[in-house]
Each structure stands twice: as structure tokens, then as C-alpha cells.
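K.L.:
First the structure, which I've put down as C-alpha cells, then a few questions once you've had a look.
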Amino acid sequence: LMHFSCTDNPISGGISLGVQARLWSLVCSNCGISELDLSGCTRLAHLDCIENQLSSLDLAANTNLQTLYCSDHRLETLDISVNTKLNMFTCVKGKDKPVLSTLYVWSGFDPTVFILFDVPTGVEYLVP
């Protein structure tokens, strides 16, 4: 399995893909999920999980991630400090949802080198 898409399919609870070492792309936007376990997806390069109910997102195992679209969630903090290959990133708030306030980044992080970088105004950048 290299690409998995379940966009616009109501899923109660969450998605856990187990060990999917070959998975390169996951598109699970607008599914209503509240949990997403990507710990076994170490090759993942593209993640589009917009318009869900996630309040946390653990990307520690996804060091190959290049594209991350995670807007319209309940995320108030997000740690992308190990995702140094990212070059496209959006995480803006949805209607009636909290605003991302803290983004954990890597040392030397520079959002101006991204192809796309969109976060709410006032986000605090911290190096863990």
C-alpha cells in the first residue's frame, strides 16, 4: 500500500494504519476522525488530514514528511521538530475551533523557504 485515500467518508473514532512501511501518501480529509495513528508509517511523505476533529497529531515517526495539510482541527499545539523535510504546510483554524498557538520546530527553522506555509497570525515558534 503506497497511497490511501478515504476523503469524505465518515469514520467514527480514528484511523490506525498499523505498520505500513511503504505508505507514501495518506489523504483522510473530512472524515470526522478524532485520532490518527501514523507511528507505523515511517515512509509517509504526504499527509492531508484537513477538516477532522484531531486535538493532537503525533508526527515523530514521520521524518520523511514533505507535505502536511492539517487545517480545520482542534489542534492548539503541534510538534513538527523532527519533520525537517517539510516544504508545504498549512494549519489554519476552522470555524468554531481553537487556533493553533504553539508550533514546535527544528533549530534553524525558516518558514520563508517553504513552497507553502500558512499558519494563524501570532503562532509561537519553539524549539524543543
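The values are calculated or read from the model by the stated rules, or taken from the named source; none is laboratory data. It should be emphasised that the depicted structure is a prediction, and the values quoted were computed from it without experimental measurement. We place every Cβ from the backbone using ideal geometry, glycine too, and count neighbours over all the protein chains shown. When the accessible area is computed, the model is the full protein with side chains, heavy atoms only, and any ligands, DNA or RNA have been set aside. Shrake-Rupley method; radii C 1.70, N 1.55, O 1.52, S 1.80 Å.
K.L.:
Which of the residues belonging to the stretch 51-64 are modelled with pLDDT of 95 or more and within 17 Å of ASN30 (Cβ to Cβ)?
P.N.:
Hit for the stretch 51-64 is LEU57, nothing else.
K.L.:
Let me ask something else about it. Answer yes or no: is there a residue in the stretch 111-128 that is closer than 16 Å to ALA60 by Cβ, in contact (Cβ under 8 Å) with a residue 40 or more places away in the chain and not in a strand (DSSP E or B).
P.N.:
Yes, there is a match, as at least one residue in the stretch 111-128 is closer than 16 Å to ALA60 by Cβ, in contact (Cβ under 8 Å) with a residue 40 or more places away in the chain and not in a strand (DSSP E or B).
K.L.:
Tell me which residues, restricted to the stretch 51-80, are open to solvent by less than 60 Å² (accessible area, probe 1.4 Å) and among the hydrophobic types (A, V, I, L, M, F, W, C).
P.N.:
LEU54, LEU57, LEU59, ALA61, LEU65, LEU68, CYS70, LEU75, LEU78, ILE80
K.L.:
Could I ask something else about it? If PRO98 passes every condition in (1) open to solvent by 60 Å² or more (accessible area, probe 1.4 Å); (2) closer than 24 Å to TYR125 by Cα; (3) modelled with pLDDT under 90; (4) not hydroxyl-bearing (Ser, Thr, Tyr) but one, which one does it miss?
P.N.:
Every listed condition holds for PRO98 apart from (1).
K.L.:
Listed residues LEU65, LEU57, LEU47, LEU23; which is under 20 Å from LEU86 (Cβ atoms) and assigned to a strand (DSSP E or B)?
P.N.:
LEU47
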